[in-house]
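Single-structure report; data block below.
The values are calculated or read from the model by the stated rules, or taken from the named source; none is laboratory data. Nothing here was measured: the structure is a model prediction, and the numbers come from that model. Quick reminder, even Gly has a Cβ in these numbers, built from the backbone with ideal geometry, and neighbours come from all protein chains shown.
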Amino acid sequence: MGHRLVRPLICTAVSAVTLALAACAPAPIYKPGANNVAVPPQQVAISPERYGTSDVIWGGRIVQVRNYADHSEIEILAYPLDGSQRPKANDAGNGRFIAVMPGYVESFDYPAGALVTLSGRLNGTRSASVGDAPYVFPLVSVNQSHVWTADELSSGRSNVSFGVGVGGVIR
């Protein structure tokens, strides 16, 4: 008789733990729209005409910020994004791109070396150089951006902690 009760309890416990793990996974910060393309910057740089003014959700490591009279530009070394749209900086880079931000961007808020995720619209390319090498940078007109804190990045490694135990009531 005891075995008949144990199996349903184990199945219920496994189902509850699975549901709890799924519920705790961080959601993506930006929702892709109908015009979104899921291609890396290096692919857009090769054939920008193919992607036109598509929307993208890209991220990576900030290289530098340049401020101009009416806008700012952030050069970013792109990385693939995880399921929560955090840049996977330990992965291989996906090229570079320039995030074009309206107005003035404080470099203190977008420091070199920080990880960022943004959503925006492709707006052509610019030929420049990385060191002495010629390079084609896709340009992204930014709608939204998020600079990741150390706490946010580390929370992606271990989102859930739980324990298993047996309880009872003594009367």
Response to the item:
Selection from region 123-144 of residues closer than 21 Å to residue 69 by Cβ and over 16 Å from the mean Cα position of the chain (by Cα) yields 123, 124, 126, 128, 137, 139, 141
Discussion item. Residue 94 - would you say it is buried (at least 19 other Cβ atoms within 10 Å of the Cβ) and among the polar types (S, T, N, Q)?
Written reply: yes
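Condition first: within 17 Å of residue 92 (Cα to Cα) and either touching a Lys or Arg at 6+ places or on another chain (Cβ under 9 Å) or of a type in the set (A, V, I, L, M, F, W, C) (or both). Now tell me which residues in region 46-71 satisfy that.
If the condition is that a residue be within 17 Å of residue 92 (Cα to Cα) and either touching a Lys or Arg at 6+ places or on another chain (Cβ under 9 Å) or of a type in the set (A, V, I, L, M, F, W, C) (or both), then 58, 59, 60, 62, 63 are the ones that fit.
Any residue at all in region 66-82 that is aromatic (Phe, Trp, Tyr), farther than 22 Å from residue 148 by Cβ and without any contact (Cβ under 8 Å) to a residue 40 or more places away in the chain?
yes
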Discussion item. Is it the case, given these coordinates, that residue 100 is touching an Asp or Glu at 6+ places or on another chain (Cβ under 9 Å) and either assigned to a strand (DSSP E or B) or not hydroxyl-bearing (Ser, Thr, Tyr) (or both)?
Written reply: yes
Discussion item. Pairs please, first residue from region 115-128 and closer than 30 Å to residue 153 by Cα, second anywhere and of a type in the set (S, T, N, Q) and crowded, with 18+ Cβ neighbours inside 10 Å, Cβ atoms under 7 Å, 6+ apart in sequence or on different chains.
Written reply: 116/145; 117/85; 118/145
Worksheet item: So which of 83, 120, 156 ends up being modelled with pLDDT under 95, surrounded by 15 or more Cβ atoms within 10 Å (Cβ to Cβ) and either among the β-branched types (Val, Ile, Thr) or under 15 Å from the mean Cα position of the chain (by Cα) (or both)?
Response: 156
Item to complete: Go through region 8-52 and count every residue that is in a loop (DSSP other than H, G, I, E, B) and modelled with pLDDT under 70.
Response: 2
Practice prompt. Would you mind telling me which numbered condition in (1) exposed (fewer than 15 other Cβ atoms within 10 Å of the Cβ); (2) under 27 Å from residue 27 (Cα atoms) residue 130 fails?
Written response: (2)
